[in-house]
Amino acid sequence: MKKKLVVIGAAALCMALLAGCKSEEQIAQNSQPQSTVISPDVHITQDASERDTLTVNGEGEVRLTPDLASVSILINTTEQKAAEAQRINAELTEAVLASLKANGIQDADIKTESVSLSEEYNYEKSPAELTGYSMRNVLSVTVREIDSVGKVISDAIAAGATGTSNLAFTVSDSTGAYQDALKAAVAQAQGKAEATAEALGVELSPIPASVNEVSSSYQPYLYDNTFVEEVPEATSSPSANDVPVSTGELTITAKVNVVYEIVSAYSDVSESEPEA
């Protein structure tokens, strides 16, 4: 009989311990912060041990007119012999470089992007017949006088260039513009926080608990990203057919994440008045 009572007592003790563990687990789960989503950009977090907070996101953008351009210039020659293709290509490249420098392009703003020599075949015959060799030289050029981009391209083509590619417009310094975009992002976040707090009937701390820069974006305006093969005409004047170029605008974007502490709920005046 005593053994039976001992067994029953041990079982009861185990059940009590399990129940205790379960209640502690439930208490731990209940003590975790619960987040209420107001919108994809607004969150309110309630925590029994800390102040309630409101989190908002803000985004600002600034538009700029480009003052810098870059373009790739192709010199392509095809001859029956590889040495001849290379020789003619070198002569045309020198002429193109001379035209660039005549337009005020400095040596530091001219870079050889790639040089390649490839075989050319006539695939209409079987087997394919070797017909010659193609020499390609690509120059990457930075143009600091934005208004002269069209003339730089036209003069390069007149000098022997056979194609252009990757014309892009940028700004030489975007620091100030990005800071303006950052200010606009913070102002937007503050406006969201104030509107949300008013709708909920709560008061926010005037100074944010944290402000985090989420991301930024800055993309140059691409005019063209494919080579346009052109054959220069010897009789044309270099300045008569300048390529028309429109720079467009650049957009600089800044994003922030701002957290405000909820100080208190607005008190109801009718509740604070003493009863008659």
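The values are calculated or read from the model by the stated rules, or taken from the named source; none is laboratory data. Computed from a prediction, not measured in an experiment: that's the story for all the values here. Here the Cβ positions follow ideal geometry from the backbone for every residue, glycine too, while neighbour counts run over all protein chains shown.
Yes/no matrix, rows are residues, columns are (1) modelled with pLDDT of 75 or more; (2) of a type in the set (Lys, Arg); (3) farther than 30 Å from residue 145 by Cα:
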| position | (1), (2), (3) |
| --- | --- |
| 192 | yes, yes, yes |
| 200 | yes, no, yes |
| 227 | no, no, no |
| 234 | no, no, no |
| 257 | yes, no, yes |
| 262 | yes, no, yes |
| 269 | no, no, yes |
| 276 | no, no, yes |
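Residues to consider are 108, 95; find the one that is loosely packed, with under 13 Cβ neighbours inside 10 Å and of a type in the set (A, V, I, L, M, F, W, C).
Only one candidate passes the filter, namely 108.
Any idea how many residues of the stretch 108-138 are without any contact (Cβ under 8 Å) to a residue 12 or more places away in the chain and basic (Lys, Arg)?
Selection size over the stretch 108-138: 1.
What residue, among those in the stretch 135-170 that are assigned to a helix (DSSP H, G or I) and touching a helix residue (DSSP H, G or I) at 6+ places or on another chain (Cβ under 6 Å), is surrounded by the most Cβ atoms within 10 Å (Cβ to Cβ)? Walk me through it before giving the result.
Looking only at the stretch 135-170, we keep the residues that are assigned to a helix (DSSP H, G or I), and these are 146-159.
Retained after the next criterion (residues that are touching a helix residue (DSSP H, G or I) at 6+ places or on another chain (Cβ under 6 Å)): 155-156, 159.
On the way: 155: 22, 156: 30, 159: 21.
Here the residue is 156.
Among the listed residues 67, 52, identify the single one that is charged (D, E, K, R), touching a residue at least 12 places away in the same chain (Cβ under 8 Å) and touching a helix residue (DSSP H, G or I) at 6+ places or on another chain (Cβ under 8 Å).
Numbers: 52 fails: touching a helix residue (DSSP H, G or I) at 6+ places or on another chain (Cβ under 8 Å).
Exactly one residue qualifies, and that residue is 67.
Report yes if residue 154 is among the hydroxyl-bearing types (Ser, Thr, Tyr) and under 23 Å from the mean Cα position of the chain (by Cα), otherwise no.
Values: among the hydroxyl-bearing types (Ser, Thr, Tyr): yes; under 23 Å from the mean Cα position of the chain (by Cα): no.
Judged against the criteria, residue 154 is not a match.
Give just the number: which of (1) surrounded by 16 or more Cβ atoms within 10 Å (Cβ to Cβ); (2) at pLDDT 95 or above does residue 245 not satisfy?
(2)
Please work out which residue is surrounded by the fewest Cβ atoms within 10 Å (Cβ to Cβ), limiting yourself to the stretch 52-85 and to residues that are within 30 Å of the chain's Cα centre (by Cα) and not in a strand (DSSP E or B).
Per the stated criteria, the residue is 65.
Is it fair to say residue 105 is more than 20 Å from residue 149 (Cα to Cα), outside any strand (DSSP E or B), of a type outside the set (Gly, Ala, Ser) and without any contact (Cβ under 8 Å) to a residue 60 or more places away in the chain? Steps first, please.
Numbers: more than 20 Å from residue 149 (Cα to Cα): no; outside any strand (DSSP E or B): yes; of a type outside the set (Gly, Ala, Ser): yes; without any contact (Cβ under 8 Å) to a residue 60 or more places away in the chain: yes.
No, not satisfied.
So how many residues does the stretch 163-190 have that are modelled with pLDDT of 95 or more and either under 30 Å from residue 77 (Cβ atoms) or among the aromatic types (Phe, Trp, Tyr) (or both)?
Final tally of qualifying residues: 0.
Say whether the condition of being more than 30 Å from residue 245 (Cβ to Cβ) and either at pLDDT below 95 or in contact with a helix residue (DSSP H, G or I) (Cβ under 7 Å, 6 or more places away or on another chain) (or both) is met by at least one residue in the stretch 82-100.
For the stretch 82-100, residues more than 30 Å from residue 245 (Cβ to Cβ) and either at pLDDT below 95 or in contact with a helix residue (DSSP H, G or I) (Cβ under 7 Å, 6 or more places away or on another chain) (or both): absent.
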